[in-house]
Amino acid sequence: MIDEEGFRANVGIIIANCEGKVFWGKRIRQSSWQFPQGGIDEGEEPLQAMYRELQEETGLLKEHVQVMGATRDWLRYRLPRNMIRRSSSLESEPICIGQKQRWYLLKLVCEDSSVDLCACDVPEFDSWRWVNYWLPAKEVVYFKRRVYERALQELAHLILPEAKPLALEGFDRESGENQMSNTGKEPGAVKESNTKQARK
């Protein structure tokens, strides 16, 4: 669904484990990493879309997670000009100029082995890992960074009760730690799992 301003309605999903690490997926046959996300279909509520996208992209079902919370408002980002798709009838009119997203924070309540990146015919990810909660705001593609930062900051208290927002300019890319404070957190990436061969 695309609104009158050209933003497509979308859900973003942050999956956390009991240690406060979050699921970080590598897009299939690409070098970029991101959270699970996807568009909301016409007539579909954001929560319904979230569970559908969760299953399609990670293989996890409703019973595998606990919904900890969601962002209060839509968070928007604009696509770079070269990524804006144009209408076939009116070449100068953009179909979608960006995404407006409702973000959900989920807690995994099952074993990691329940993750199945080949749950749908066209997988989104080909590998995944657990990373430091704040790392994705630094690692995601540049035009999504502000939305990631806002979503993570708004939801952090639900999974990290004593969390304080990180200043990204002081965030160490390799360790997943904030170098502007002595937090003593563990390195960002602690586990990586490769997908099974994608089904045809």
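Miscellaneous remarks
- Considering the conditions (1) modelled with pLDDT of 95 or more; (2) crowded, with 16+ Cβ neighbours inside 10 Å; (3) over 17 Å from residue 23 (Cβ atoms); (4) in contact with a Gly (Cβ under 9 Å, 6 or more places away or on another chain), residue 145 is excluded by exactly one of them, (4).
- Checking residue 153 against (1) touching a Pro at 6+ places or on another chain (Cβ under 9 Å); (2) crowded, with 21+ Cβ neighbours inside 10 Å; (3) not charged (D, E, K, R), the condition it does not meet: (2)
- Checked against the criterion of being part of a helix (DSSP H, G or I) and of a type in the set (S, T, N, Q), the candidates 66, 101, 55 yield just one match: 55.
- Contact map, region 141-153: first residue in a helix (DSSP H, G or I), second residue small (Gly, Ala, Ser) and crowded, with 19+ Cβ neighbours inside 10 Å, Cβ cut-off under 7 Å, separation 6 or more or different chains; pairs are 145/137; 148/137; 149/137; 151/12; 152/137.
- Any pair with Cβ under 9 angstrom, 6 or more apart, that starts in region 8-33 at a residue that is farther than 18 Å from residue 77 by Cβ and surrounded by fewer than 17 Cβ atoms within 10 Å (Cβ to Cβ) and ends at one that is at pLDDT below 95 and hydroxyl-bearing (Ser, Thr, Tyr): 28/195
The values are calculated or read from the model by the stated rules, or taken from the named source; none is laboratory data. What you see is a predicted model; the values in this text were computed from it and never measured. Ideal geometry is used to build each Cβ from the backbone, glycine not excepted, and the neighbour counts take in all protein chains shown.
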